[in-house]
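J.: The structure is given below, and queries will be raised subsequently.
The values are calculated or read from the model by the stated rules, or taken from the named source; none is laboratory data. In this text the structure is predicted, and so the values were computed from the model without any measurement. So basically every Cβ, Gly included, is an ideal-geometry build from the backbone, and we count neighbours across all protein chains shown. What goes into the accessible areas is simple: the full protein's heavy atoms, side chains included, and nothing from ligands, DNA or RNA. Shrake-Rupley method; radii C 1.70, N 1.55, O 1.52, S 1.80 Å.
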Amino acid sequence: MESPKFDVSIGGAFNSIHTVSIPDEIAMPFVDKAQKRVKVVASFEGKSISFYAALQKRQGRYFIMFSKNNQKTLGIFPNDYFTLQFLEDTSKYGVDVPEEFDAVLLGDHEAYQIFEGLTDGKKRGILYMIARYKNTQTRIDKSLLLCENLKRGIRDAKELLKPF
């Protein structure tokens with residue numbers, strides 16, 4: 001399932017610099033199928049990015065969070081209009097899994113079992129923590145450290161990437 005492309009601006013929902021209001025006609029097909037998370041493709045002046053977002057409702061209006069980093073990547077300012085399109089989220093965790101983390105989990109069944117036992121939000125948080133590193137070797141090293149810390153019983157996100 002995919003939505004038509006539609007134009008939006010930052011701050012449409014609740015005047016926040018990190019939200020985008022979503023028209024009901026765009027949100028409802030996803031809501032009706034109980035899809036709370038969507039893959040988003042954002043485009044502006046020839047640049048395009050994709051990311052995953054939670055489709056949220058507050059005060060009768062739908063919105064998604066649109067991070068400062070995504071705004072910077074596209075070169076968007078608060079008064080700019082840009083294009084969004086929603087796609088069905090077919091990912092396992094609602095976010096892309098870094099290859100390095102996936103490989104480490106495949107080789108460590110105990111860490112995999114622990115990871116799978118975490119809440120969906122905690123899993124996404126961990127995946128974002130690993131993905132933020134740009135260097136492949138750093139992602140491998142952090143994945144190994146994180147898995148060891150999970151096996152040691154550490155669940156606090158702030159502690160998961162600290163060496164022991």
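J.: Among the residues of the stretch 76-93, write down those that are surrounded by fewer than 15 Cβ atoms within 10 Å (Cβ to Cβ) and either closer than 28 Å to K123 by Cβ or of a type in the set (V, I, T) (or both).
T.: The answer is T83, T90, S91, K92.
J.: Of the numbered conditions (1) within 22 Å of D96 (Cβ to Cβ); (2) surrounded by 13 or more Cβ atoms within 10 Å (Cβ to Cβ); (3) polar (S, T, N, Q), S9 fails exactly one; give the number of that condition.
T.: Going through the list (1) within 22 Å of D96 (Cβ to Cβ); (2) surrounded by 13 or more Cβ atoms within 10 Å (Cβ to Cβ); (3) polar (S, T, N, Q), S9 breaks only (1).
J.: From T73, T19, grab the single residue that is at negative phi, open to solvent by less than 40 Å² (accessible area, probe 1.4 Å), in contact (Cβ under 8 Å) with a residue 24 or more places away in the chain and among the polar types (S, T, N, Q).
T.: Residue meeting the stated conditions: T19.
J.: Which of the residues belonging to the stretch 21-45 are of a type in the set (D, E) and farther than 22 Å from G11 by Cβ?
T.: Result: D32, single match.
J.: Any idea which of (1) modelled with pLDDT under 90; (2) out of contact with any Ser or Thr (no Cβ under 6 Å at 6 or more places or on another chain) is the one G12 doesn't satisfy?
T.: (2)
J.: Right, something else. Just one of (1) among the charged types (D, E, K, R); (2) more than 19 Å from the chain's Cα centre (by Cα); (3) open to solvent by less than 90 Å² (accessible area, probe 1.4 Å); (4) at pLDDT 95 or above trips up E110, so point out which.
T.: Unmet for E110, out of (1) among the charged types (D, E, K, R); (2) more than 19 Å from the chain's Cα centre (by Cα); (3) open to solvent by less than 90 Å² (accessible area, probe 1.4 Å); (4) at pLDDT 95 or above: (3).
J.: Now a separate question. Being closer than 22 Å to G121 by Cα and touching a residue at least 40 places away in the same chain (Cβ under 8 Å) is the filter here; which residues of the stretch 34-53 pass it?
T.: Answer for the stretch 34-53, where residues must be closer than 22 Å to G121 by Cα and touching a residue at least 40 places away in the same chain (Cβ under 8 Å): Q35, R37, V38, K39, V40, V41, Y52.
J.: Further, regarding this structure: Give all pairs with beta carbons closer than 8 Å in which a residue from the stretch 150-161 that is open to solvent by less than 50 Å² (accessible area, probe 1.4 Å) meets a residue that is of a type in the set (D, E, K, R) and not in a loop (DSSP other than H, G, I, E, B); count only pairs at least 6 apart in sequence or on separate chains.
T.: A157/K122; L161/K142
J.: Next up: Please give the strands (runs of 3 or more DSSP E) falling wholly within the stretch 1-102 in which 3 or more residues are in contact with a strand residue (DSSP E or B) (Cβ under 8 Å, 6 or more places away or on another chain) and over 30 Å from Q137 (Cβ atoms). Spell out how you get there, then give the answer.
T.: Numbers: elements: 6-9, 19-22, 37-44, 47-54, 56-58, 61-65, 81-88.
So the answer is 6-9, 19-22, 37-44, 61-65, 81-88.
J.: How many residues does the stretch 46-62 hold that are in contact with a Gly (Cβ under 8 Å, 6 or more places away or on another chain) and modelled with pLDDT of 95 or more?
T.: 1
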